[in-house]
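The values are calculated or read from the model by the stated rules, or taken from the named source; none is laboratory data. Remember, it's a predicted structure, so these values are computed and weren't measured experimentally. Using ideal geometry, Cβ is built from the backbone for each residue, glycine included, and neighbour counts are taken over all protein chains shown.
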Amino acid sequence: MKITVVGTGYVGLVTGACFAEVGHEVLCVDNDTRKIDMLKKMQMPIYEDGLEEMARRNYEEGRLKFTTSIKEGTEFAEVIFVAVGTPPGRGGEANLSYVEQVGRQVAEHMTSYRLLVEKSTVPVNTSEQLKRTITKYSKADIDFDVASNPEFLREGRAIPDALEPTRIVVGVETERAAKLLRETYAPIVKSSGCELVEMDIASAELTKHASNSFLALKISYINAVSRVCELTGADVEKVARGMGLDDRIGPQFLCAGVGYGGSCFPKDVDAFLHIAADLGYDFKLIEEVQRINKTQREHLFAKIKRELWVLEGKTVAFMGLAFKPGTDDIREAPSLYFADELIESGAHIKAWDPVAEENFRAVYPDVDYCTDVISCAKDADLVLILTEWPEVRDMDLDKIKEVMKSPVVIDGRNAFDPKLMADKGFIYHSVGRP
Ligand SMILES: NC(=O)c1ccc[n+]([C@@H]2O[C@H](COP(=O)([O-])OP(=O)(O)OC[C@H]3O[C@@H](n4cnc5c(N)ncnc54)[C@H](O)[C@@H]3O)[C@@H](O)[C@H]2O)c1
C-alpha cells in the first residue's frame, strides 16, 4: 500500500519507518525543512533505539521517502496519517492548530477520495471538527473519511511497540475507512498476532486519553503510597511487589520515584481534565493525580535542601536528563524542574546523559556537561539520579564515592539498594524506602 505520514517526530518517523519495514511504500511529510534535509541525508532528528538502521534500510530500498510538500503527500496516497504535535495550549487544553492546518492543507490539495487518520493524541470529537474543516476547504465535493488511530508506543521502545503492539485501536464510521485501515495494519496484525479493535471514532479518541490518564494515575498512586511508607518505615518496593503479583493489579507502573514526565503524560492528563470540564464533568480524581505528581518532585527537592542546607555554591551532579532511559526527549522531564530550582538557588549543576545532552544544552547552556558518570560525580556535593540509564545502574560506586566532595546520593529512581549504599558509606535517600 501507499501511505502518507504527516509529521516526522517521535511518532511520525517511527510509524513511517515501521510501515515501510512491513512492506508499504511510505512518504513522510514535515514542514520543518531542517528535519527533512537531515532525513534525506539519513541523519535522525531524534534518538530511538534501532530507528536509524531501520530508516536507512527502507530509504535505500526505496520504500521510505521524505518531503516538505503537503501537496505531494496528499497526492501520494489515499491513506494519510496525521502525526503532528498537539502541545498544551495556554490553559492546558490541547493545541490543535497543527492538526487543523494539516486538515486544511489536505482539503486544498485532494482531488479524489482520501482517508485522514488521526494518530496524534486529540480530544474526543476532534474528528467532527476535522470533517467540517475538510468540507469547508476542499475545492470540490470530494468524498473523504476521517478516522482515529491513537498511538500507544512508548519512547525508548517505540519500534518494538509499533511492530508488536498490545492492541491497535481504530475508530471509523465507514466500511471503506475500516477496510483501508485493516489493510494498512494487516502485516503487523499477522506478524504480532495483536488484536485490531474497531470502534466508533469518539470511543477511539477517548481510549487514548483514558489510557494515559490511567497509567499516570497508577504512578501517582504508588507515589502516594511511597509517602505513607516514608512515614511508617515500610518499603514501597516491597509493597509494590506484593500488590503487583495480583494479576488484577499487575506490576507495571508501580515504580515509585520522582514522578512522571515526558511529552505525553503531563499534557494528556491535563488535556483530559479540560475535555471533561468542557463537557461538564469535574474529574477531580485526575486533578489529584497531577497534584501528587507535582508534590513528588517538591518532596525530593526538600530532601536535597535538607542534605545540603545551603544550596548556594554547592555542586549537584545530575545523572540522567531524559524523562526516561532510551530516549533523548526532555519535554516535561523532572530534570528541568530540578535545574530551575537549583539554578535559582545559586547551585552549580554538572550533568551526564548519553543522548539527551544536546536537547538539555539548548535550554541550559551554562550547565557543566560531562562525558561519563565518574567525571560528572567529580567534586560534587550531591549526586541526583533522575534517569535510570544502565550506565547509572552499573556505575562503580566506590569510584563515585572517591571522587565526590561529600558522599550524598538522592535517588529519584530507586536505582540502588539502600543497604548496599549504606555499606558503601553513602548518605543515601530514595523514594519510599527506609
Ligand atoms: N512521543 C510519544 O511518545 C507519543 C506517543 C503516543 C502519542 N503521541 C502523540 O503523537 C503526536 C506527535 O507527537 P511527537 O512526540 O511525535 O511530536 P513531535 O513534536 O516529536 O513531532 C511532531 C512533528 O510534526 C511536525 N509538524 C507540525 N505541524 C506540521 C504541519 N502542518 N505539516 C507537517 N508537519 C508538521 C513538526 O515539525 C514535528 O516534526 C502528539 O499528539 C502526541 O501526543 C506521542
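If you check Lys179 against the conditions, is it more than 26 Å from the chain's Cα centre (by Cα) and modelled with pLDDT of 95 or more?
yes
Quickly run through the stretch 245-265 and pick out the residues that are within 16 Å of the ligand (Cβ to nearest atom) and under 21 Å from Asn414 (Cβ atoms).
Phe253, Tyr260, Gly261, Gly262, Phe265
Mind listing whichever residues of the stretch 3-26 are within 12 Å of the ligand (Cβ to nearest atom) and either over 20 Å from the mean Cα position of the chain (by Cα) or surrounded by 20 or more Cβ atoms within 10 Å (Cβ to Cβ) (or both)?
Thr4, Val5, Val6, Gly7, Thr8, Tyr10, Val11, Gly12, Leu13, Val14, Thr15, Gly16
Got a number for residues in the stretch 161-184 being closer than 19 Å to Val5 by Cβ and within 16 Å of the ligand (Cβ to nearest atom)?
Number satisfying all stated conditions: 8.
Yes/no per residue for (1) of a type outside the set (Asp, Glu); (2) under 24 Å from Pro407 (Cα atoms):
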{"position": "Val228", "(1), (2)": "yes, no"}
{"position": "Leu245", "(1), (2)": "yes, no"}
{"position": "Gly250", "(1), (2)": "yes, no"}
{"position": "Phe253", "(1), (2)": "yes, no"}
{"position": "Ala256", "(1), (2)": "yes, yes"}
{"position": "Gly261", "(1), (2)": "yes, no"}
{"position": "Val269", "(1), (2)": "yes, no"}
{"position": "Asp278", "(1), (2)": "no, no"}
{"position": "Val310", "(1), (2)": "yes, yes"}
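For residues that are out of contact with any helix residue (DSSP H, G or I) (no Cβ under 9 Å at 6 or more places or on another chain) and among the small types (Gly, Ala, Ser), scanning just the stretch 261-298, find the one that is farthest from Val124 (Cα to Cα).
My answer is Gly262.
Return the pair list, or none, for Cβ contacts closer than 6 Å from residues in the stretch 83-98 that are of a type in the set (Phe, Trp, Tyr) to residues that are modelled with pLDDT under 90, at least 6 apart or on different chains.
If the second residue must be modelled with pLDDT under 90, no pairs are left.
Would you confirm, using the coordinates I've provided, whether Ala210 is part of a helix (DSSP H, G or I), of a type outside the set (S, T, N, Q) and under 23 Å from Arg154 (Cβ atoms)?
Spelling it out, Ala210 is indeed part of a helix (DSSP H, G or I), of a type outside the set (S, T, N, Q) and under 23 Å from Arg154 (Cβ atoms).
Would you check which residues across the stretch 81-105 are among the β-branched types (Val, Ile, Thr) and farther than 18 Å from Lys139 by Cα and list them?
Matches in the stretch 81-105: Val82, Val84, Thr86, Val99.
Filter the stretch 312-321 down to residues that are of a type outside the set (D, E, K, R) and crowded, with 19+ Cβ neighbours inside 10 Å and give me whichever is nearest to the chain's Cα centre (by Cα).
Leu321
Any residue in the stretch 143-156 that is more than 9 Å from the ligand (Cβ to nearest atom) sitting within a Cβ distance under 9 Å of a residue that is assigned to a strand (DSSP E or B) and among the basic types (Lys, Arg)? List the pairs, counting only those 6 or more apart or interchain.
Asp143/Arg114; Phe144/Arg114; Asp145/Arg114
Only residues that are closer than 17 Å to Gly7 by Cα and either touching a His at 6+ places or on another chain (Cβ under 7 Å) or more than 16 Å from the ligand (Cβ to nearest atom) (or both): list them for the stretch 33-51, please.
If the condition is that a residue be closer than 17 Å to Gly7 by Cα and either touching a His at 6+ places or on another chain (Cβ under 7 Å) or more than 16 Å from the ligand (Cβ to nearest atom) (or both), then Met42 is the only one that fits.
Please work out if Pro123 is within 14 Å of the ligand (Cβ to nearest atom), in a loop (DSSP other than H, G, I, E, B) and touching a Lys or Arg at 6+ places or on another chain (Cβ under 7 Å).
No: the conditions fail for Pro123.
Starting from the stretch 243-255, take each residue that is over 19 Å from Gln296 (Cβ atoms) and list its partners that are among the polar types (S, T, N, Q), counting only C-beta distances under 8 angstrom and pairs at least six apart or across chains.
If the second residue must be among the polar types (S, T, N, Q), the pairs left are Gly244/Gln252.
Of all residues being part of a loop (DSSP other than H, G, I, E, B) and assigned by TED's automatic domain parsing to the domain that holds Tyr337 in the stretch 256-311, which is surrounded by the most Cβ atoms within 10 Å (Cβ to Cβ)? Just the residue, please.
Top of the filtered list is Leu311.
Return the pair list, or none, for Cβ contacts closer than 6 Å from residues in the stretch 172-194 that are on the phi < 0 side of the Ramachandran plot and surrounded by 15 or more Cβ atoms within 10 Å (Cβ to Cβ) to residues that are basic (Lys, Arg) and at pLDDT 95 or above, at least 6 apart or on different chains.
Cys194/Arg167
Applying the selection to the stretch 213-244, what residues are within 30 Å of Leu96 (Cα to Cα), of a type outside the set (Ser, Thr, Tyr) and away from the ligand (no atom under 16 Å from the Cβ)?
Leu217, Lys218
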